[in-house]
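The values are calculated or read from the model by the stated rules, or taken from the named source; none is laboratory data. Please read these numbers as outputs of a predicted model, since none were measured by experiment. Backbone-built Cβ (ideal geometry, glycine too); neighbour counts: all protein chains shown. Accessible surface is based on the protein model in full, side chains and every heavy atom, while ligands, DNA and RNA are left aside. Shrake-Rupley method; radii C 1.70, N 1.55, O 1.52, S 1.80 Å.
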Amino acid sequence: RSKLGGGNDFQLFSSEMKEEIQRRVQLELGLRRALEREELFLLYQPLLDLDAGRIQGHEALMRWNHPELGIIVPAEFIPIAEETGLIVPIGQWALREACLQNRRWEAEGGQGLGISVNLSARQFQQRGLVEDIRGILEETGIDPGLVTLEITENLAMNKEEYMISRLRALRETGVRMAIDDFGTGYSSLMYLKKFPVQILKIDRSFVSDMLRDEDDAEIVRTIIAMAHQLKLRVTAEGVETEGQLQYLRGLGCDMVQGYYISRPLPAEQCIRLVKQYDE
Ligand code: C2E
Ligand code: MG
Ligand code: MG
Ligand code: MG
């Protein structure tokens with residue numbers, strides 16, 4: 001009996017694996033066509049400026065509307081895009097689309113709103129990145145000072161010299177640079193002193209546990225205090241409750257982002273929330 005059970009387990013396992021591989025192949029093939037078929041789209045999550053009590057801007061978050069599989073989240077398709085190199089054209093599309101959307105909001109009464117766009121490791125290292133970004137900024141006519149590019153901490157911390165010169169070149173286009181998911185990597189805060197970045201985003205994992213885990217609370221407090229010493233602005237990600245928001249406010253955190261303020265929204269729904277906070 002147990003032998004039979006084991007056999008069934010093996011069958012199940014292998015068919016699951018087969019499905020996984022099939023899905024992966026399907027996604028990889030589909031992704032090659034996703035751009036031209038206009039299956040990619042952006043949602044926008046507001047960032048609340050705690051001092052001003054206003055929406056400072058939005059972070060563009062990509063989604064893929066797959067014709068057969070439905071909505072695919074970035075955790076699943078960004079790694080594939082990275083491995084295949086498709087992230088380069090897809091990333092350019094995302095930056096252009098986000099800048100154009102910000103311009104549309106400007107025309108709808110959303111003047112001065114910021115827009116944040118994520119850059120993955122491969123994009124950051126791509127030759128010609130700075131020229132591409134400059135081109136998109138010019139083409140869309142956006143004020144570069146409204147644009148923030150987010151790179152993850154792990155990416156940021158190795159290859160120090162290269163990082164610094166790359167960040168400096170990006171900065172020269174007039175955009176601001178943010179370190180995303182901060183606290184998850186191995187770096188010390190003092191590392192940041194050398195990096196020309198303007199914003200730190202505290203990873204969601206610390207924020208979500210800080211009210212019940214004193215270690216996480218201590219990390220959040222330390223990041224905010226030291227970031228301010230380095231004259232960086234701090235955003236807390238993943239704020240889901242009023243209690244978290246109030247705690248972060250008490251620590252002098254500059255901006256918050258998370259489901260408590262709003263989930264990522266379709267572009268048409270954003271200005272309404274901006275105006276609601278302005279009232
Ligand atoms: P990220 O840049 O750290 O974005 C924050 C993620 O946390 C988003 O997931 C967002 O929907 C989610 N989030 C925001 N507030 C909350 C909250 O209160 N609770 C919880 N549980 N989650 C919250 P999403 O949209 O699935 O994106 C995941 C990651 O994929 C992003 O992490 C980013 O690294 C990457 N990504 C998204 N869009 C792009 C893109 O256009 N280009 C590149 N290269 N990467 C992207
Ligand atoms: Mg981000
Ligand atoms: Mg993040
Ligand atoms: Mg995160």
Quiz prompt | Search result, residues across segment 247-279 that are buried (at least 20 other Cβ atoms within 10 Å of the Cβ) and within 16 Å of ligand 3 (Cβ to nearest atom) | solution = LEU248, CYS253, ASP254, MET255, VAL256, GLN257, GLY258
Quiz item: Scanning segment 173-186 for residues that are over 18 Å from ARG233 (Cβ atoms) and more than 16 Å from ligand 1 (Cβ to nearest atom), which turns out modelled with the lowest pLDDT?
Solution: TYR186
Exercise. Taking the residues in segment 106-137 that are modelled with pLDDT of 95 or more and assigned to a loop (DSSP other than H, G, I, E, B) as candidates, determine which candidate is nearest to ligand 3 (Cβ to nearest atom).
Key: LEU119
Exercise. Of the conditions (1) away from ligand 1 (no atom under 16 Å from the Cβ); (2) of a type in the set (A, V, I, L, M); (3) closer than 29 Å to GLN126 by Cβ, ILE224 clears all except one; give me its number.
Key: (3)
Quiz prompt | Unique residue being open to solvent by less than 50 Å² (accessible area, probe 1.4 Å) and among the charged types (D, E, K, R) when the list is ARG103, ARG122, ARG63 | solution = ARG63
Practice problem: Sort out which residues of segment 142-153 are open to solvent by less than 40 Å² (accessible area, probe 1.4 Å) and not in a helix (DSSP H, G or I), and write them in order of number. | Solution: ILE142, VAL147, THR148, LEU149, GLU150, ILE151
